[in-house]
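Here is the structure we will look at, set down as structure tokens.
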Amino acid sequence: MAPQIKYTKLFIDNEWVDAKSGKTFETRTPHDGSVIAKVAEGDKADIDEAVKAAHRAFHRNSEWRLLDASQRAVLLNKLADLIKRDAVYLAELETYNNGMVIGMSMHFMDAVIANIRYLASLADKIQGDTIPSDGDTFAYTLKQPVGVAGLILPWNGPIFIFASKVATALAAGCTVVVKPAEQTPLTALALAALVAEAGFPRGVVNVVNGYGPTAGAALTHHPQVAKISFTGSVEVGKLIQQAAGVNNLKRVTLELGGKSPLVIMDDADLNVAIPFAANAVFTHQGQVCIAASRLYVQAGIYDKFVAEAVKHAQARKIGNPADATTQHGPQVDEEMMTKVLGYIEKGKKEGAKLLTGGKRVGKMGYYIEPTVFADVKDNMTIAKEEIFGPVQSILKFDTLEEVIDRANDTSYGLAAGIFTTNVNNALQFSKHVEAGVVWVNQYFAMGSQAPFGGFKDSGIGRESGFHCVDAYLEVKTVSISLPKKF
Ligand code: ADP
């Protein structure tokens with residue numbers, strides 16, 4: 001049974017309101033492409049209302065600013081409790097609107113709860129330094145919230161990324177305006193209802209659904225927004241960085257795309273490496289910024305590995321993402337499905353060897369078969385551009401030195417992995433590969449405690465980890481004159 005859709009309006013100042021224009025937009029389920037709700041379509045005027053509410057909530061005398069830091073942690077933990085209470089409903093709603101298989105949605109709920117609790121624990125550990133200044137001066141630093149933060153979300157992990165960005169900003173003491181992705185508006189609204197139930201004061205969290213060039217752009221241009229945190233494409237990331245410098249100077253955190261290399265050495269334990277390599281690219285139908293979309297396999301094991309990779313792709317169970325046994329659901333929408341199928345055609349045309357998959361599944365919804373290309377060359381489009389679909393591109397290499405240079409020959413730098421039983425290979429690769437996250441003999445391991453973000457065009461700044469709140473803080477130095485003699 002489809003999950004009930006309870007919230008479709010904008011959430012501003014702890015109230016549910018229609019868009020000022022009265023406009024709405026349709027949202028669909030990728031399983032069959034049917035419209036499941038009409039959601040209020042916010043634009044510049046609604047963003048302005050939401051930013052004003054967030055700005056009022058940030059005033060030095062506001063209820064939020066007067067809270068002890070430890071009380072911010074109490075509220076965040078309350079939010080985590082409510083998410084735990086509603087985890088099954090939220091996971092089902094995520095699957096319904098996004099197409100994420102339910103096993104993954106449920107797994108994410110545990111990660112979301114753990115993440116909010118970790119971030120809550122940081123709220124009262126934000127502390128400055130005492131400084132050994134020269135002369136008769138006593139100096140110390142205060143770390144203070146930067147102000148209103150605009151949080152712009154992608155569609156591929158709506159609940160997790162909402163929770164991660166919002167809880168980091170709130171732990172720091174900021175107030176926020178969230179702009180969810182237009183493809184997946186529903187879970188952000190369900191979470192907004194829990195924010196209100198948890199008891200966060202008015203205006204601390206606001207959610208305005210709408211499109212990127214209207215609502216998103218209004219947020220990035222708003223002079224009362226001090227900080228933007230964005231997850232999405234490199235193309236839009238560049239626009240956001242420009243917009244953030246127009247009406248004021250916003251701090252910017254960008255978590256963007258990737259073309260992550262995964263290297264399998266001749267000496268790898270293939271029983272481990274083969275299934276990992278399949279999951280590393282096919283999880284969530286390849287709609288993951290850290291997907292291992294360039295699989296480099298060393299010459300000595302290449303043929304064997306390729307044959308096994310094909311078997312793994314063919315064994316993945318395709319079906320309705322709401323079915324607990326499904327491993328492979330639909331792409332998020334028709335546009336993404338068409339884009340991915342276009343990349344597959346390019347792969348074929350440019351001479352990569354298509355070994356399995358390559359086609360749309362049926363005519364309902366947006367399903368694509370898990371696809372494996374072998375004999376891919378570095379200059380082919382499928383080896384260079386982010387596909388964001390279930391396409392494994394396998395490339396052959398001879399030496400570690402060679403593969404490191406080939407892995408780095410890209411403008412991306414998000415994640416990388418290596419499977420090897422030789423510690424020197426692992427250490428050399430980890431040292432020289434240009435990526436913000438490196439996995440050895442595993443892939444996808446992530447946690448609240450470890451920083452996450454990209455080198456090069458894959459982003460600016462880090463999310464998660466002990467220092468993640470710094471991205472929402474200003475450092476203030478206070479210098480006090482001391483009497484010369486005492
Ligand atoms: P994808 O290509 O994966 O859909 P995008 O980078 O296009 O990702 O979108 C990610 C988020 O950025 C969405 O919430 C989208 O609405 C928003 N967005 C798109 N264009 C802009 C823009 N010009 N300014 C601000 N936000 C935008």
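What follows is calculated from the coordinates using simple rules that are stated; it is not laboratory data. Remember, predicted model here, so these are calculated numbers, not experimental data. Glycine also receives a Cβ, built like all others from the backbone with ideal geometry; neighbour counts cover every protein chain displayed.
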* Take the Cα of Asp269, step 7 Å along the line toward its Cβ, and report every residue of the range 282-316 whose backbone nitrogen sits under 18 Å from that point. => none
* **Sequence of Met446, Met336, Met364, Met100 once ranked by neighbouring C-beta atoms within 10 Å, starting from the fewest** => Met364, Met446, Met336, Met100
* To do: Jot down the per residue volume, in cubic angstrom and as a whole number, of the convex hull over the alpha-carbon atoms of the range 1-68.
  => 124
* Structure fact -> Note to self, the chain gives a 222 nm [θ] from helices alone (DSSP H runs n ≥ 4, -39500 (n - 2.57) apiece, / all residues, nearest 500) of -11500 deg cm²/dmol
* Furthest towards positive pole of dipole, Phe444, Ala292, Ile344, structure part the range 261-448, Cβ charges -> Ile344
* **For the range 1-158, with +1 on Lys and Arg beta carbons and -1 on Asp and Glu, the positive-most of Leu90, Thr141, Met104 along the dipole** => Leu90
* What size of dipole, in debye to the nearest 20, comes out for the range 261-448 about its Cα centre when the only charges are +1 on Lys and Arg C-beta atoms and -1 on Asp and Glu C-beta atoms? -> 580
* Asked: If the cut-off is 18 Å between C-alpha atoms, which lysines fall inside it for Lys227, apart from same-chain ones fewer than 8 positions away?
  -> Lys44, Lys52, Lys143, Lys165, Lys179, Lys238, Lys250, Lys476
* Debye equation applied to the C-alpha atoms of the range 282-323, log10 I(q)/I(0) at 0.23, 0.30, 0.34 Å⁻¹ -> -0.93, -1.09, -1.14
* Structure fact -> Subtracting the Cα-Cα distance of His467 and Thr338 from 0.36 nm times their residue separation yields 42.5 nm
* Asked: When the chain is fully extended, how far beyond the present Cα-Cα distance does Gln449 get from Ser34, taking 0.36 nm per residue of separation?
  -> 145.5 nm
* To do: Grab the beta carbon distance between Asp18 and Glu401, set R0 = 60 Å, and tell me the FRET efficiency rounded to 0.05.
  => 0.50
* Structure fact -> Here the FRET efficiency for Asn441 versus Asp134, based on Cβ atoms and R0 = 56 Å and rounded to 0.05, is 0.65
* Structure fact -> Neighbours of Thr253 by Cβ distance under 11 Å: Lys/Arg at +1, Asp/Glu at -1, summed charge +2
* Asked: Quick one: net charge of Val176's neighbours, Cβ under 12 Å, K/R +1, D/E -1?
  -> +3
* Asked: Under a point-charge model restricted to the Cβ atoms of Lys and Arg (+1) and Asp and Glu (-1), what is the dipole moment magnitude of the chain relative to its Cα centre, in debye to the nearest 20?
  -> 720
* Structure fact -> Cα convex hull volume per residue for the range 261-448, in Å³, equals 119
* Counting Lys and Arg as +1 and Asp and Glu as -1, each charge on the Cβ, what is the dipole of the range 91-211 about the Cα centre in debye, to the nearest 20? -> 180
* Structure fact -> Quick calc of log₁₀ I(q)/I(0), the range 402-472, Debye, one scatterer on every Cα, no solvent, q values 0.14, 0.23, 0.24, 0.28 1/Å, result -0.46, -1.05, -1.10, -1.26
* Based only on the alpha carbon positions, what is the Kirkwood hydrodynamic radius of the chain, in angstrom? -> 23.5
* At R0 = 30 Å, FRET efficiency that the Cβ-Cβ distance of Ser233 and Lys304 yields, to 0.05 -> 0.25
* Full-stretch length increase - Gln428, Glu63 - with 0.36 nm per residue and alpha-carbon distance subtracted -> 126.2 nm
